[in-house]
Amino acid sequence: MSNTEPPAIDELPARHADGPPGLAPALAAWRDLLGANYVRTEPSALQAAATATFATSQRVLAIVAPASRAEVLGCLAIASAHGVPLYPVSRGRNWGYGSRVPSQPAAAILDLARMNRIVDYDERLAYVTVEPGVTFQQLHDFLARERSELMLNVTGGPVDGSLIGNILERGIGLGPHAERAQHIGACEVVLPTGELIHTGYGRFDTPLAPLSGAGVGPQLAGLFQQSSYGVVTQMTVWLARKPAYFHTFYYQVRRPERLPALIDTLQELRLAGPPGAHYSLWNDYKVISTLQQYPWEAAGGRTPLPDATLAQLRQRWGVAPWNGYGAIYSCSARHGRAERALVAQALRGQVDDLRFVSDTTAWAARALARPLLWLTGYDIARATRSHDRAASPWLGAPGGNVASAYWRKRAPIPASMDPDADGCGVIWCSPCVPFTGSHVAAAIEIATRVIGAHGFEPNIALVCVTPRVVHAIIAILFDRAAPGEDERALECHGALLRALAERGYLPYRLGLQSAGGLPPPTDDDARLHAALRRALDPNNILGPGKYSP
Ligand SMILES: Cc1cc2nc3c(=O)[nH]c(=O)nc-3n(C[C@H](O)[C@H](O)[C@H](O)COP(=O)(O)OP(=O)(O)OC[C@H]3O[C@@H](n4cnc5c(N)ncnc54)[C@H](O)[C@@H]3O)c2cc1C
C-alpha cells in the first residue's frame, strides 16, 4: 500500500467522482474503518486495477483492503448503506479471465490480499485452513518449513495467485486433487447482508468442521463458487500425501489422426486404470509458447505462424503435433511398477516415443549426472527434475508457465512478470468436452478453424482430470499493443464460445470476456438465481454479472 495521503474526495478526477452518489460518504467511512492507506483512489492504481489481459470497459472506483473478517463485515455494511458496488478479489491474478476488473460497470475492489494467515494445519488429517490472501508459493514454503509430507495441487498459473481465489473459480491443476474445489472442508463466508455463515459442519462447535465438505444438511459451499454471493474469508483445503513412489511419463503423437483413439484409451485408463494417475496433452503451439516467444524474424513478421516456421520450431524443440505427459502416484515401488505396466500396455502402439521416469531412474540419473554431463553434455539432472522432491510441480512446487502470456510480445519477457501491466493479450476459452475421441476431435477442429480464421494460433491443452469430461484449455494469445488485436481477439473468443456451445461444449469457468456468452437456460434456473441474489445480496452490491448476467 502507498503511504501517500489520499486525495480529498472533491479532488478526485471527474470519472471517479461520477460514481454512485454514495461514493464520497462510502470512501470516508471506509477510511475511518481501515485507515487512509487502505482505501486507495489514486488514478494510477485505479487504472492498473481496471486493466486486464484483454480490453475491458469497467471502471474501478476505489481499492479497499480490509485485514480481518470484522473489517470485511464493516466494508460490506458501508457498501450496502451507500449503494456502492464491491468486487471481491483474493490476489487478483485471474489472468486471461479478467484479472481484477470488476464484473459491474463501476465498482470498488475489495482486495483481500492482506488477509494472508494460514490459520490451521494438521499433518495427520492432511489439511490447512487459509485466508484469501494465502498464495500457492506461501503455502508451499510453509509446508517445506514444517517438513511436511503433504503436497498441494499447483496450477500453470501464477505462483502468487490465491488458493481461495483459484478454488472459488474451480481452477484445475496437476496431480491428485486436480479438481481442487472437490477437496475442501468448511468455508467461512460473510454475506452482503452482514451475516456470517460457515459451510458444512462449520456452523457447530465440532472438530469435524475442517474434515468434511458436506457436513449435514444442504451442502452450501458450492453456492459461493463462481457466484459472488458472499465473501469467503476462510477455507479449509485438503492436501494429498506425497506418494511413496512415483513415475512421470512423456510421449508424442506425431500423426494427429491417431488422437481420437488415444483419447478413448486415456478415458478407459482414467476410469479403470491406476487410481492416482494424471494425463494431459498439449498441442505444438502450447508447448512452443512455453519455450520461446513468437519467432517474428523467422516468420517474416507474419501472423499467424506460417506452417514452415511451425515445422522448424517443432524440429528445434523436438515437439510433435500433440505431446502427452502424466504422472502415476503409487503407494510403494511394487505398486508403482505394476501401475506403470498398466499404463505402458494401454499406450503402447497408440503413441510415439513413450518414456517413463521413475523415482529409481531419477535417483540413479542424479548420481551419474556430473560425469554424464562432462562426458556427453547431456544434462540428465535437468531431464529428471520433475522427480526432485523439493522442486517438482507434480509434488506441489508452484512454477507455472506465465511466460507463455508473452508469446506475441516483441519485447523480451521481463524478470518480474505482470501480464496486465505489460500489455500481454491472453483470453482463455475453457470448454468441458465429453471424454470420447470423437467429441474431443470435434472440439479441436472447431478451435483450430475459428482461431485460425481470426489470425491467431490455436493454443490447446487437454486436461483429463475426470473420467467423464476433458477440460480443453484454449488460449488466444496476442499483443494488446498491436493495433486492432484487442477487438479481433475478443471477436475470436466470442465466435469460439458460440461455435463450441452450439455443439454443447460449454465452459467450465467464465471470465469477464464470456459473461453473457452462455446459451439461455431451458428451465427456471435464472429465476432461482435472481431469488438467491435478492435473499443474499438485497442491495445487489457484490460482484453480480460474471456468472449470472
Ligand atoms: C499462462 C497462464 C497459465 C494459467 N494456468 C492456470 C491453470 O493451470 N489453472 C488455473 O486454474 N488457472 C490458470 N491460470 C488462470 C489464473 O491466473 C489462475 O486461475 C489464478 O490462480 C487466479 O487468480 P487468483 O488465484 O489470484 O484469484 P482471484 O483473481 O483473487 O479470484 C478469482 C475470482 O474469484 C472471485 N473471488 C476471489 N476471491 C474471493 C473471495 N474471497 N470471496 C468471494 N469471491 C472471490 C472473484 O470473482 C475473482 O475475480 C493461468 C493464467 C495464465 C496467464
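The values are calculated or read from the model by the stated rules, or taken from the named source; none is laboratory data. It should be emphasised that the depicted structure is a prediction, and the values quoted were computed from it without experimental measurement. Every residue, glycine among them, receives a Cβ derived from its backbone with ideal geometry; neighbour counts consider all protein chains shown.
The rows are residues; the columns are (1) of a type in the set (Asp, Glu); (2) within 12 Å of the ligand (Cβ to nearest atom); (3) more than 23 Å from Pro210 (Cα to Cα); (4) at pLDDT below 95.
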site	(1), (2), (3), (4)
Arg100	no, yes, yes, no
Tyr121	no, no, no, no
Glu146	yes, no, no, no
Arg180	no, yes, no, yes
Ile184	no, no, no, no
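What number of residues in the range 453-471 are in contact with a strand residue (DSSP E or B) (Cβ under 6 Å, 6 or more places away or on another chain) and on the phi > 0 side of the Ramachandran plot? Don't jump to the end; show me each part of the working.
Filtering the range 453-471 for residues in contact with a strand residue (DSSP E or B) (Cβ under 6 Å, 6 or more places away or on another chain) gives 456, 459-465, 469-471.
Cutting the leftovers down to on the phi > 0 side of the Ramachandran plot gives us none.
Total meeting the criteria: 0.
For the range 429-445, check the following and say yes or no: at least one residue is charged (D, E, K, R) and either at pLDDT 95 or above or touching a strand residue (DSSP E or B) at 6+ places or on another chain (Cβ under 9 Å) (or both). Talk me through it step by step, then tell me what you get.
Going through the range 429-445, the residues charged (D, E, K, R) turn out to be 445.
Subsequent filtering for residues that are either at pLDDT 95 or above or touching a strand residue (DSSP E or B) at 6+ places or on another chain (Cβ under 9 Å) (or both) retains 445.
Yes, because at least one residue in the range 429-445 is charged (D, E, K, R) and either at pLDDT 95 or above or touching a strand residue (DSSP E or B) at 6+ places or on another chain (Cβ under 9 Å) (or both).
Evaluate the following for Gly185: is it of a type in the set (Gly, Ala, Ser), surrounded by 17 or more Cβ atoms within 10 Å (Cβ to Cβ), over 23 Å from Ser103 (Cα atoms) and in contact (Cβ under 8 Å) with a residue 12 or more places away in the chain? Full working, then the answer.
Values: of a type in the set (Gly, Ala, Ser): yes; surrounded by 17 or more Cβ atoms within 10 Å (Cβ to Cβ): yes; over 23 Å from Ser103 (Cα atoms): yes; in contact (Cβ under 8 Å) with a residue 12 or more places away in the chain: yes.
For Gly185, the condition - of a type in the set (Gly, Ala, Ser), surrounded by 17 or more Cβ atoms within 10 Å (Cβ to Cβ), over 23 Å from Ser103 (Cα atoms) and in contact (Cβ under 8 Å) with a residue 12 or more places away in the chain - is met.
Which one is nearest to the chain's Cα centre (by Cα), of the residues in the range 410-434 that are more than 16 Å from Gln513 (Cβ to Cβ) and of a type in the set (Val, Ile, Thr)?
The qualifying residue nearest to the chain's Cα centre (by Cα) is Val433.
Under the condition of being crowded, with 17+ Cβ neighbours inside 10 Å and of a type in the set (Asp, Glu), which residue from the range 483-524 is farthest from Ile427 (Cα to Cα)?
The selected residue is Glu485.
Please work out which residue is surrounded by the most Cβ atoms within 10 Å (Cβ to Cβ), limiting yourself to the range 408-428 and to residues that are of a type in the set (Lys, Arg) and within 16 Å of the ligand (Cβ to nearest atom). Steps first, answer last, please.
So in the range 408-428, the residues of a type in the set (Lys, Arg) come out as 408-410.
Imposing the further condition that a residue be within 16 Å of the ligand (Cβ to nearest atom) reduces the set to 408-409.
Working: Arg408: 24, Lys409: 22.
Looking at residues that are of a type in the set (Lys, Arg) and within 16 Å of the ligand (Cβ to nearest atom), I get Arg408.
In the range 139-147, is there at least one residue being farther than 15 Å from Gly92 by Cα, assigned to a helix (DSSP H, G or I) and of a type in the set (Phe, Trp, Tyr)? Even if it seems obvious, please write down each step before you answer.
Within the range 139-147, the first condition is being farther than 15 Å from Gly92 by Cα, and the residues that meet it are 139-147.
Cutting the leftovers down to assigned to a helix (DSSP H, G or I) gives us 139-145.
Now restrict to residues that are of a type in the set (Phe, Trp, Tyr): 142.
Yes - at least one qualifying residue is present in the range 139-147.
Report yes if some residue within the range 163-177 is β-branched (Val, Ile, Thr) and more than 9 Å from the ligand (Cβ to nearest atom); otherwise report no.
Narrowing the range 163-177 to residues β-branched (Val, Ile, Thr): 164, 167, 172.
Remaining after also requiring more than 9 Å from the ligand (Cβ to nearest atom): none.
Scanning the range 163-177, I find no residue that is β-branched (Val, Ile, Thr) and more than 9 Å from the ligand (Cβ to nearest atom), so the answer is no.
Report yes if Leu305 is assigned to a strand (DSSP E or B), out of contact with any His (no Cβ under 6 Å at 6 or more places or on another chain) and either of a type outside the set (Val, Ile, Thr) or farther than 30 Å from His198 by Cα (or both), otherwise no. It would help to see each step written out before you state the result.
Details: assigned to a strand (DSSP E or B): no; out of contact with any His (no Cβ under 6 Å at 6 or more places or on another chain): yes; either of a type outside the set (Val, Ile, Thr) or farther than 30 Å from His198 by Cα (or both): yes.
Taking the combined requirement at face value, the residue does not satisfy it.
For the range 265-279, which residues satisfy the criterion of being of a type in the set (Ser, Thr, Tyr) and buried (at least 23 other Cβ atoms within 10 Å of the Cβ)? It would help to see each step written out before you state the result.
If we filter the range 265-279 for residues that are of a type in the set (Ser, Thr, Tyr), which is where we start, we get 265, 279.
Of everything in the range 265-279, just one residue is of a type in the set (Ser, Thr, Tyr) and buried (at least 23 other Cβ atoms within 10 Å of the Cβ), namely Tyr279.
Identify, from the list Ala55, Ala70, the residue that is farther than 27 Å from Pro483 by Cβ, more than 8 Å from the ligand (Cβ to nearest atom) and of a type outside the set (D, E, K, R).
Details: Ala55 fails: farther than 27 Å from Pro483 by Cβ.
None of the other options fit; the residue is Ala70.
State the number of residues belonging to the range 203-244 that are within 16 Å of the ligand (Cβ to nearest atom) and either under 21 Å from the mean Cα position of the chain (by Cα) or surrounded by fewer than 20 Cβ atoms within 10 Å (Cβ to Cβ) (or both). Outline the logic, then answer.
Residues of the range 203-244 within 16 Å of the ligand (Cβ to nearest atom): 220-237.
With either under 21 Å from the mean Cα position of the chain (by Cα) or surrounded by fewer than 20 Cβ atoms within 10 Å (Cβ to Cβ) (or both) added as a condition, the list becomes 221-237.
Adding up the residues that qualify gives 17.
Residue check, Val159 against (1) out of contact with any helix residue (DSSP H, G or I) (no Cβ under 6 Å at 6 or more places or on another chain); (2) closer than 29 Å to Gln104 by Cα, all met but one. Which one?
All conditions are met except number (1).
Would you call Ile263 aliphatic (A, V, I, L, M) and within 16 Å of the ligand (Cβ to nearest atom)?
Working: aliphatic (A, V, I, L, M): yes; within 16 Å of the ligand (Cβ to nearest atom): no.
Considered against the rule, which asks whether it is aliphatic (A, V, I, L, M) and within 16 Å of the ligand (Cβ to nearest atom), Ile263 comes out as no.
From the list Thr436, Thr448, exactly one residue is within 18 Å of Leu305 (Cβ to Cβ) and polar (S, T, N, Q). Which is it?
Working: Thr436 fails: within 18 Å of Leu305 (Cβ to Cβ).
Just one listed residue meets the conditions, Thr448.
Looking at Cys492 and the list (1) closer than 24 Å to Tyr87 by Cβ; (2) of a type outside the set (Val, Ile, Thr); (3) touching a His at 6+ places or on another chain (Cβ under 9 Å), which single condition is not satisfied?
(1)
Quick one: count up the residues across the range 66-84 that are assigned to a loop (DSSP other than H, G, I, E, B) and surrounded by 23 or more Cβ atoms within 10 Å (Cβ to Cβ). If you could, list the steps in order and put the result at the bottom.
Looking only at the range 66-84, we keep the residues that are assigned to a loop (DSSP other than H, G, I, E, B), and these are 66-68, 83-84.
Pick out the ones that are also surrounded by 23 or more Cβ atoms within 10 Å (Cβ to Cβ) and you get 66, 84.
Total meeting the criteria: 2.
I need the full set of residues from the range 280-315 which are out of contact with any strand residue (DSSP E or B) (no Cβ under 7 Å at 6 or more places or on another chain), within 24 Å of Gly156 (Cβ to Cβ) and either in contact (Cβ under 8 Å) with a residue 40 or more places away in the chain or surrounded by fewer than 16 Cβ atoms within 10 Å (Cβ to Cβ) (or both), in order please. If you could, list the steps in order and put the result at the bottom.
Going through the range 280-315, the residues out of contact with any strand residue (DSSP E or B) (no Cβ under 7 Å at 6 or more places or on another chain) turn out to be 284, 288, 290-315.
Checking the rest, the ones that are also within 24 Å of Gly156 (Cβ to Cβ) come to 284, 288, 290-295, 303-305, 310, 313-314.
Selection gives Thr290, Leu291, Gln292, Gln293, Tyr294, Thr303, Pro304, Leu305.
Name the single residue, out of those in the range 381-407 being away from the ligand (no atom under 16 Å from the Cβ) and farther than 21 Å from Arg340 by Cα, that is modelled with the highest pLDDT.
Within the range 381-407, the match that is modelled with the highest pLDDT is Ala391.
With respect to the numbered conditions (1) farther than 26 Å from Asn153 by Cα; (2) loosely packed, with under 13 Cβ neighbours inside 10 Å; (3) not charged (D, E, K, R), which one is the sole condition not fulfilled by Trp363?
The number of the failed condition is (1).
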